[in-house]
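This report concerns only the one structure given below.
The values are calculated or read from the model by the stated rules, or taken from the named source; none is laboratory data. As the structure is a computational prediction, the values presented were derived from the model and not from experiment. Ideal geometry is used to build each Cβ from the backbone, glycine not excepted, and the neighbour counts take in all protein chains shown.
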Amino acid sequence: MVYLSRIYTKSGDSGDTGLGDGSRVPKDHPRVAAYGSVDELNAVLGLLVSQFPQAAEIELVRSIQNDLFDVGADLCLPQAAAEKPGAHLRVRPEQVERLERAIDRLNEHLTPLTSFILPGGQGAAAWCHLARTVCRRAEREVVTLSRLESIGSQVVVYLNRLSDLLFVLGRVYNNNGREDILWRPGQTQSV
């Protein structure tokens, strides 16, 4: 359980921060950058929810926001080599599978694409595209971290699936893809 009685501690005033195991690292450490981007992604999804509270699949989005705290907790606690399964909160395969089921369910009703789509369209779709790009950055930062230190095995997988889901959800919010804006290669090049 989390208990916050004071919001500021002054412990980070010198440019470092504490991890879940009590160790301290610089605030620009790859681990901090990774879970910072996950936090940013969560905030973008919060804007989607606040702007479109009645949108389809909004409960799915809220559940993803909760998952993203799990992702952040996983990243905040360095994984020890001898860590026993279930000893700490880690992203689980079931969370990835839930995203895959949602992708399959939502994509089933969409027309296959014949071109890339431009990020935009309806407001909710545009927020999904922004969230997708932040998710991809978080995924890249987690991959960078994974080359330096051990991380939970499902974190990259979860973020990879989530970016796919956000793409599909953007299409859903664009009237099931009917209002997607297709990329027209070379459209503005002079002849």
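Brief remarks follow.
- Some residue of segment 87-106 being modelled with pLDDT under 95 and under 30 Å from E179 (Cβ atoms): no
- For segment 168-178, the condition of being out of contact with any Leu (no Cβ under 8 Å at 6 or more places or on another chain) and among the hydrophobic types (A, V, I, L, M, F, W, C) holds for none of the residues.
- Evaluated against (1) of a type in the set (D, E); (2) farther than 24 Å from Q95 by Cβ; (3) surrounded by fewer than 21 Cβ atoms within 10 Å (Cβ to Cβ), E108 falls short on exactly one condition, (2).
- Complete set of residues in segment 90-129 that are in contact with a strand residue (DSSP E or B) (Cβ under 9 Å, 6 or more places away or on another chain) and small (G, A, S): S115, G120, G121
- All of E179, E139, E149 fail the test of being farther than 23 Å from A55 by Cα, of a type in the set (D, E, K, R) and touching a residue at least 40 places away in the same chain (Cβ under 8 Å), apart from E149.
- So T111, is it within 16 Å of the chain's Cα centre (by Cα) and among the hydroxyl-bearing types (S, T, Y): no
- First in segment 29-56 and surrounded by 19 or more Cβ atoms within 10 Å (Cβ to Cβ), second anywhere and of a type outside the set (D, E, K, R) and part of a loop (DSSP other than H, G, I, E, B), Cβ under 8 Å, 6 or more apart: R31/L19; R31/P78; L48/A55
- Residue list for segment 131-153, filter: aliphatic (A, V, I, L, M) and either within 12 Å of L75 (Cβ to Cβ) or surrounded by fewer than 19 Cβ atoms within 10 Å (Cβ to Cβ) (or both): A138, V142, V143, L145, L148, I151
- Residues (farther than 18 Å from P93 by Cα, assigned to a helix (DSSP H, G or I) and not hydroxyl-bearing (S, T, Y)) located in segment 144-179: L145, R147, L148, L166, F167, V168, L169, G170, R171, V172
- Options A102, A126; residue that is in contact with a Leu (Cβ under 7 Å, 6 or more places away or on another chain), of a type outside the set (S, T, Y) and assigned to a helix (DSSP H, G or I): A102
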